[in-house]
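Bear in mind that the values in this text are calculations on the coordinates, not laboratory data. Values in this document were obtained by computation on a predicted structure and should not be read as measured data. Every residue, glycine among them, receives a Cβ derived from its backbone with ideal geometry; neighbour counts consider all protein chains shown.
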Amino acid sequence: MTTELLDTPVTGTLALDLRGLRKSFGTVRAVDGLDLAVRPGEVVAFLGPNGAGKTTTIDMLLGLAEPDEGTVQVLGLEPSAAIAAGRVSAVMQSGGLLKDLTVAETVQLTASFFRGTRSPKEVMERAGIAEIADRRVGKCSGGQQQRLRFALALLPDPDVIVLDEPTTGMDVEGRRDFWNALRADAARGRTIIFATHYLEEADAYADRIVLVSHGRIVADGSAAQVKSLTSGRVVSASFAGPLDEPALRALPGVQDVEVRRDRVIIRTTDSDAVARHLLTATDATDLEIAARGLEDAFLALTTDHADNHETIGSIA
C-alpha cells in the first residue's frame, strides 16, 4: 500500500527527539531503528500490539533503560536531566503507591521530594480527587488511584507527561473528564504522549497516532490519515435466519466476515456488491455502510502480513 509522505519542517526545540533507537533483550529485538519527533503541545497516541516495543521505548524515553543504539532527548536534554529538573513526569498503569497513606499524605510526601511544586491542594483538584483527600489509598478504586498518579505527575508542573494506560479503571464520565483536562493542558503547551488499548480514546483525543509493530513505526499521522491507509468499508446488517457465511466470503472484495449474535459485519473493498447481495439474497435488515475505523487500521498495519506497508512520514 502506497501512502503520501508528510513533509513538515521542524523548527525550535523538540519536546521528544528519538533517533535510530535499537534495544535487544538476548535474541529478541524489542526496538528496531525507531525514529520519533514530537513538537511541544502535541498529544500523541503511541499504539501497538503487545510485544510491539511500546514499553521498551517509553522506558528509554524516561531514562529507565539505555538504548543499544541511537539517542533520546527530551526538551533538548538527556532523559535523566529532564526528569531531575521536573520537566517530564509519567503516569504508569500500576505500582508506586503506599496503600496505608491517605490521598493527601501521598501527594504531600511526593511534593517533599521536589525543590518547588504546585500546591498539593491544587493538583488534587486538578485531578478530581480533592473530595477523597482523607481516604486511604488502599480504599480507593482503580480509577481513583490512577487519578492520584496523575496528581503526583502534575506536582512539578512538567512540560512533558508520559502516560501508560492512564484511564484504566475509570468509568466513562471519569475518562471523558480526564481527557478534557489533558486537552486543556496541551492547549497551554504541555506535551502528552500516551499508550492505550482504548483505541476510541486515541481516535478522539490524539493529534497524532503513532503505530508500532515489531519495534518499528509503521504509521504516523492524524487519526484520519492512519484510517485512510485501510481501504474499503464495513457493511453490517441484522439477520433473523441462518446465514450462509461461505457465500458472503465468496463475494467480490470481501476481506473478512464476522458474526456477532444476530448481526453480521463484513469488511470489503466492494460495499455495493455486498449490500446488493444482503438486500436481495438474504433476509438482512438494518443495513449500514461505514468507513473503516482506527481498529481496522490498527489490525491491518500491525499484523505480520502488513510488514511491507510504507509508513506515513512523521515530522522528523
| said: Let me spell out the model: positive unit charges on the Cβ of Lys and Arg, negative unit charges on the Cβ of Asp and Glu, origin at the Cα centre of the chain. What dipole size does that give, in debye rounded to 20? | reply: 880
| query | Between exposed trypsin sites (Lys or Arg not before Pro) in the chain, where DSSP calls loop and at most 14 other Cβ atoms lie within 10 Å, what's the longest gap? | reply | 1-98
| query | Going by how many other Cβ atoms sit within 10 Å of their own, how do Thr57, Thr110, Thr269 line up, fewest first? | reply | Thr269, Thr110, Thr57
| query | Between Glu125 and Leu287, how many nm apart are label points set 7 Å from Cα along the C-beta direction? | reply | 5.7
| query | When DSSP beta bridges are limited to those with both residues in the chain, what percentage is antiparallel, rounded to the nearest 5? | reply | 70
| message | Using a Cα-Cα cut-off of under 12 Å, which aspartates and glutamates could be cross-linked to Lys23, ignoring same-chain neighbours fewer than 8 residues away? | response | Asp32, Asp59, Glu66, Asp68, Glu69
| remark: Scoring the chain by relative contact order with C-alpha pairs under 8 Å, at least six apart, yields a percentage of 23
| query | Among Gly142, Leu18, Leu36, whose Cα sits farthest toward the positive end of the charge dipole of the chain (+1 at Cβ of Lys/Arg, -1 at Cβ of Asp/Glu, about the Cα centre)? | reply | Gly142
| query | Taking the chain as a Gaussian network, where each spring joins two C-alpha atoms under 10 Å apart, which residue of Asp134, Asp159, Asp185 fluctuates the most? | reply | Asp134
| query | How much of the calculated P(r) for the chain lies past 35 Å, in percent of all Cα pairs? | reply | 31
